Amino acid sequence: MIALLTLLLTQPVLAQDSDARARELYENGAILYEEGRYEDAIAAWEEAYDLSQRPALLYNIANAYERIGDYEAALDALGLYRAYAPAAERESLDRRLRSIESRMREAGPSSSTTRPEREPSGIELAPVGLVALGVGGLGVGVAFGARSASAKADLAEVCVDGACPVEAQELLTQNRRSALIADICFATGTLAAAGGTALWLVDDRASIRPLPGGLLLEASW
C-alpha cells in the first residue's frame, strides 16, 4: 500500500485564509484518495499545493498519479518533491523513481493516460470530401441562379421602367431570395473546392468549423 504524507496542520502559518483553504483541500483529497477517487484527489491536492506550496502534497499527488497509471506525471511530481525532501529520504526516493520509470517502460506508450494537447474541433474531412462539398455547393448555386434568372425574365415581361404591379410581388421575392442563396452557395462552394484542392497537396485531413458568418477551414501541416 502506498502511504501518504500527513501535513502538519497546526502550524501558525495555516491561520491565514489561503492556508485554511489549503488544509481543507488536503483533507478532502485524503478522503477522496481513500475512496479510490484518485483523479478527484489529484485536483484537490494540486489546488492545495498552489495555495500552500507544501512539498508533502507533491508526494501524495505522485501517489495518486501512479494509482491511475499516469507514470510520467507521477515522476514529475515525485521528482519535484525530491528537491525539497530531507537528505535521509533521497536514497529511497531514487529507488521509487527508478521503479516508476521501469513500470512506465513496461506499460509502453499505449497505456499512457497523458491528456491530449488539443481536442479536435469541427468535423474532420478528407480533402476529397471537401472538394465534393464545394462541387455540391456550386451545383446548388447554379440551380438557384437559374431560378433567379427565370424570375427576372418573367419580371421583365410584366414590369415597365422598373415599376411592377402588385401581383408581381411574388416574382420579386423569388428573384431576390434565389439570387441571395445562389451567391452564398457560389462563395461557400468555391472556398470549399479551392481549400480541398490545396489540402490535397499538403495534408490528408482537414477540419471545417461552422461560424456565425460562414465556415472556418482549419488544417495542420
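Taking other C-beta atoms within 10 Å as the exposure proxy, Cys159, Cys185 rank Cys159, Cys185 from fewest upward. Each peptide among 78-84, 92-98, 56-62, 19-25 gets the average number of other Cβ atoms lying within 10 Å of its residues, and from highest to lowest they stand as 56-62, 19-25, 78-84, 92-98. Computed over Cα pairs, the Kirkwood radius of region 12-111 leads via Stokes-Einstein (1.306 mPa s, 10 °C) to a diffusion coefficient of 113 µm² per second. Under the simplified labelling scheme, the Arg90-Ser150 pair shows an inter-label distance of 8.7 nm, with each label point 7 Å from Cα along Cα→Cβ. Spacing of the modelled spin labels on Gln169 and Glu106, each 7 Å from Cα toward Cβ, amounts to 8.2 nm.
Only the coordinates and a few stated rules stand behind these numbers; no lab work does. Keep in mind that what you see is a predicted model, and the values were worked out from it rather than measured. Cβ: placed from backbone, ideal geometry, glycine included. Neighbour counts: every protein chain shown.
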